[in-house]
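K.L.:
Take a look at the following structure, please.
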Amino acid sequence: MKTKIWTVVLLAALAVFPLVAPMLGLDFYISFVRRVLIYALAATSLNLILGYGGMVALGHAAFFGAGAYAVGILAMSGVTSALISWPVAMLLAAVLACITGAISLRTRGVYFIMITLAFAQMLFYIFISLRQYGGEDGLNLPGYSSLPGIDLANDVSFYYLVLALFALLMWVFGRVVASRFGTALQGIRENESRMESMGYPVYRIKLMAFTLSGAAAGLAGALLANHNLFISPSLMHWTQSANLLIMVLVGGIGLRYGGVAGAVVMLTLEEVLRLWTEYWHLPLGVLLLCVVFGAPRGLVGLFGPLFSGRAAPQSGKVGS
């Protein structure tokens, strides 16, 4: 009950923020919070397989970037409707995730990590070589995706759309985790051999989770493409995957709002530290080390049931 109350309070605060921000001269931060929400979706999609499935994937940015490029390429071809391009982005990311998972999930541990990394880097270099789509210089979108009744060029309208999708997908994420499928996925994380001996289709469950995770990351990529109106192959680089991984680690692996908390902390610290020094990576790294050592279960874990929802017990396993 407490978690539901805090969820409603936080969503209400996010809903009110664009109305209050202009009065406080914080118009810029409407766009910033929107970006945080988009990255929170991407980090949460990774948390599904990392925190609840025990699959440490280092190629999640491939699906994130694929969703962004799907929107950009379709826009260049004259397809600007979000009702077409965003589902296509999710489908493309899901297909890529399914292919990657079908191969990588046959391995374990560091081999699984390296194969997911290899797939992401292959995609990264493929898009660098596609000169017709900007190559390594990236791709400028001709405009925002079009959606009936919503003007994405308006910061506030776009903000509320992202917030609505964020709330919807977080609800779906909670339902998936609490379902029999989510319970089976957590059981596989804890003891894969036992689940297999009990008759569970372990490989199919993990592949389904991997594919769902990729689809959600693809939607986040589609939103980010519209947010920036620019797409770069760097979205698919392994460092982007590492950033998403760190967000989940900082927020709390296997905690429902771990990805959200990690995205908020990481992006806010980055924004604040940039105002102080151009060498902001160093203090950010130190602060993150303090969080990791001081809160092994992440920031959400510090507050226990107040924010965590149904917390997944940590097994300490690495790999698939």
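K.L.:
Averaged per residue, what accessible surface does the chain expose to a 1.4 Å probe, in Å²?
P.N.:
I get 46 Å² per residue for this part.
K.L.:
Follow-up. Given a cut-off of 34 Å, what percent of all Cα-Cα pairs of the chain lie beyond it?
P.N.:
20
K.L.:
In whole percent, how big is the carbon plus sulfur part of the accessible area of the chain, probe 1.4 Å, protein atoms only?
P.N.:
For the chain, the apolar C and S fraction of the accessible surface comes to 69 percent.
The values are calculated or read from the model by the stated rules, or taken from the named source; none is laboratory data. Values in this document were obtained by computation on a predicted structure and should not be read as measured data. Accessible surface areas use protein heavy atoms only, side chains included; no ligands, DNA or RNA. Shrake-Rupley method; radii C 1.70, N 1.55, O 1.52, S 1.80 Å.
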